[in-house]
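J.: Can you read through this structure? Questions will come right after.
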Protein chains: 2
Amino acid sequence: MYAVEVFVTYKESILDPQGEAVRNAIHRLDFEQVKDVRIGKYFEINIEKTEEPIEEVVESLCKNLLANPILETYRYNIKEVN
Amino acid sequence: MYAVEVFVTYKESILDPQGEAVRNAIHRLDFEQVKDVRIGKYFEINIEKTEEPIEEVVESLCKNLLANPILETYRYNIKEVN
């Protein structure tokens, strides 16, 4: 079994209004030292071992379903677990 | 400057219907080996150094704003950057 973590965030060039709203809320809590907030999605996925290489499975999931490759980038960690 | 990553997920005991919907969509793409999907929020936050210890700042942000401690748990990584 694999435990996979996937992180999906907007590309650098894409505005993140939700992150901006959170930063403004943080400033209202008097944490002026917070300079930038970007928000993304986080997926924890358990995947059984098959003959297909796990990297290919995860790449395919990210490209086809979890991320919108026009606006978003993704990265992932794969850990083998029992 | 610190680069902080915060991960907020539902507690284990809380149903995650969005994660279940994504798992079902994955099964329709014929990835039957995907057993479980849980969805969370992911924050990338840049914080300037101040006299206040960075762990206290991040704990306070998580508890007061980023996570709902009744339903959610959080964890974070703090990295010093230039």
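J.: Please give the number of the condition A:Leu61 fails out of (1) out of contact with any helix residue (DSSP H, G or I) (no Cβ under 8 Å at 6 or more places or on another chain); (2) surrounded by 13 or more Cβ atoms within 10 Å (Cβ to Cβ).
T.: Going through the list (1) out of contact with any helix residue (DSSP H, G or I) (no Cβ under 8 Å at 6 or more places or on another chain); (2) surrounded by 13 or more Cβ atoms within 10 Å (Cβ to Cβ), A:Leu61 breaks only (1).
J.: Can you name the residue in the range A:30-82 that is within 7 Å of chain B (Cβ to nearest Cβ) and β-branched (Val, Ile, Thr) and, of all such residues, is farthest from the chain's Cα centre (by Cα)?
T.: Our first condition is that a residue be within 7 Å of chain B (Cβ to nearest Cβ); within the range A:30-82, this holds for A:31, A:33-48, A:50, A:57, A:61, A:64-65.
Checking the rest, the ones that are also β-branched (Val, Ile, Thr) come to A:34, A:37, A:39, A:45, A:47, A:50, A:57.
Numbers: A:Val34: 21, A:Val37: 14, A:Ile39: 9, A:Ile45: 12, A:Ile47: 17, A:Thr50: 24, A:Val57: 17 Å.
Checked the range A:30-82; the qualifying residue farthest from the chain's Cα centre (by Cα) is A:Thr50.
J.: What residue, among those in the range B:17-40 that are out of contact with any Ser or Thr (no Cβ under 8 Å at 6 or more places or on another chain) and charged (D, E, K, R), is farthest from A:Ser60 (Cα to Cα)?
T.: B:Glu20
J.: How many residues does the range B:20-29 contain that are facing chain A (nearest Cβ under 10 Å) and either exposed (fewer than 12 other Cβ atoms within 10 Å of the Cβ) or out of contact with any Asp or Glu (no Cβ under 8 Å at 6 or more places or on another chain) (or both)? Don't jump to the end; show me each part of the working.
T.: From the range B:20-29, those facing chain A (nearest Cβ under 10 Å) are B:22-23, B:25-26, B:28-29; that's our starting set.
Narrowing the set further to residues that are either exposed (fewer than 12 other Cβ atoms within 10 Å of the Cβ) or out of contact with any Asp or Glu (no Cβ under 8 Å at 6 or more places or on another chain) (or both) leaves B:22, B:25-26, B:28-29.
Final tally of qualifying residues: 5.
Throughout, read-outs are computed from the coordinates displayed, never taken from laboratory work. As the structure is a computational prediction, the values presented were derived from the model and not from experiment. For neighbour counting, all protein chains shown are included, and Cβ atoms are generated from backbone atoms with ideal geometry for every residue, glycine included.
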